[in-house]
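Have a look at the structure below, then the notes.
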Amino acid sequence: MTTIDSSSDAVSALADGALHGPALVATLDRLARDGQAQAQWHAYHLIGDVLRSEDLARSTASSDFMDKLQARLAQEEIVRPVVSAAATVVPADLAVRPAANGDSFRWKMAAGFASLAAVAAIGWNTLAMTDAGADGTTGAVQARADAQPPVMLRNAQLDELLAAHNQAVGGAALQSQAGYVRSASFETPQPAPSLQPQR
Amino acid sequence: MPHVKIALLWCRWVPTLMASSLLAAAGGAVAASPAESAPAVRPAAERAGVQWLVRAHEASRRKTYAGTFVVLSASGATASSRIWHAGDGDQQVERMDALSGTPRTTFRHNAQVVTFLPESRIAKTEQRDAAGLFPHLMRVGPASVAQFYGVRHAGAERVAGFDTDVLQLQPKDTLRYGYRLWAEKKSGFAVQLQTLDGDGRILEQAAFSDLDLDAPVRADRLLQMMADTTGYRIEKAERTAASAAEEGWALKTPVAGFQPMDCFRRVPASSMPGSMQWIFSDGLATVSLFIEPYGTRPRQEWQNAMGVTQMLGRRVGADWWLVAIGEVPAQTLKAFASALERRR
């Protein structure tokens, strides 16, 4: 394990766009002069490109490997947050522990989060403005604040089946579009904005 | 209810517009309002039960619109897309751009679907079985749906700038979820749909956060874009129609409310072995049973949920593996798994 030093930190921060002012100027100077810093810079971007690329980042884990992994994980004890009966996760260990292809999936989730949060906020705000209906309930999805939703481990086979299921669910508005949208693009479950059903 | 039955038969073979009118007329006869001879515009109070759903379903197929569509799950997960839909009689053309997750644009022209994945430069083509708000509603039949869901008008609300009727769809047993539907007053177009569990908890909400009904969506333009696959590698999802009985499968006892819809032999685009997909629906919810040979390696039974979609994997028969997927309570999937029987 290489020691972490402040200069490689700076290159990393520069790659993330997190440097400003004098630190930015100093790091750019060093990059121009230092071959090692340049190699580091190149490596960060290569890693990023690989993670962003579906083709390159796809795990080559065979289903053989996945089955063994599942069996191993099932044997291990994991402390799980309480999940309500409506969404029993067995084996939950899969959801909590990252698998070989977990990183690319989570990278995509991290990348998509910002845009999602904005859209979700808009969606929530629009829905929150509806008048209370006859039942006194409006469009508030009550997130279970207690349960930390497990990250769903989806291997390529399950994705294939989900896609086939959505073919069956249909094509046009709402319910079937929800099917489209559900299967392929659920991102990291974030705590939903607090929106209590109006009673 | 002979009038309703006749109307249902017509629905299969007569253009949609006429079908809706016939159904409405039949409903008028049943509701004992003999003076009603122009069924096109019926007062909300007279429109009964499942007719609401048929109206909403037809509107989803025939209207032209554009909007932003957001799916919110009780788990906190969200997904959204931008949608353009051109409805012209029985023809439908639509485009959907994913606003979250992997960039993806999906075009549909009736049953033909092409999904463009710009990052991998792959265009996936497939057949889509049914379309509309409740794709299997007309095949299962409103009468059957009425047996398993109570539909009542539950007030009015304003959603996404539209005045809507709120409909409560109450399941009559624990094998299915309930729904709340917000239907635009003039057209019946569904602007929002919630899926509810047995305790009335909202599992998922699918809604337009903005919607332009009767937007100037050009079907010809969409079709042009759909056909333009230059620079993309085409992957075709192969499948052939099959018969579950011929494949050797049957249900010992039917799962109440669910009728078999279709059965396919799947050949996935990837190198994975194909399986049989047997599809059931109760008119509103759909369940897929995927069955493949168990194979030589031991497998572990599992159960999971992704938003409103429940899934499980388990052994059936001596040598087979089932993956059941559906927007239904987990116990319903278990009922299917227990009822599934190998007959050869």
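Taken together, the values in this text are just the output of simple stated rules run on the coordinates, not laboratory data. Here the structure is a predicted model, which means the values were calculated and not measured. Here the Cβ positions follow ideal geometry from the backbone for every residue, glycine too, while neighbour counts run over all protein chains shown.
B:A56 passes every criterion in (1) crowded, with 22+ Cβ neighbours inside 10 Å; (2) over 20 Å from B:D212 (Cα atoms); (3) touching a Leu at 6+ places or on another chain (Cβ under 7 Å) apart from (2). Residues considered: B:E341, B:E327. Of these, the only one that is surrounded by fewer than 15 Cβ atoms within 10 Å (Cβ to Cβ) and either within 17 Å of the chain's Cα centre (by Cα) or over 17 Å from B:R266 (Cβ atoms) (or both) is B:E341.
Residues that are more than 10 Å from every other protein chain (Cβ to nearest Cβ), assigned to a strand (DSSP E or B) and under 17 Å from the mean Cα position of the chain (by Cα) within segment B:172-193 comprise B:G178, B:A183, listed in sequence order.
Yes or no, residue by residue, for (1) free of Cβ contacts under 8 Å to residues at least 24 places away in the same chain; (2) not in a loop (DSSP other than H, G, I, E, B):
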residue	(1), (2)
B:A66	no, yes
B:V70	no, yes
B:S75	no, no
B:S81	yes, yes
B:E94	no, yes
B:G101	yes, no
B:F107	no, yes
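Within segment B:292-324, being surrounded by fewer than 20 Cβ atoms within 10 Å (Cβ to Cβ), part of a loop (DSSP other than H, G, I, E, B) and at negative phi holds for B:Y294, B:T296, B:R297, B:P298, B:R299, B:Q300, B:E301, B:A318, B:D319.
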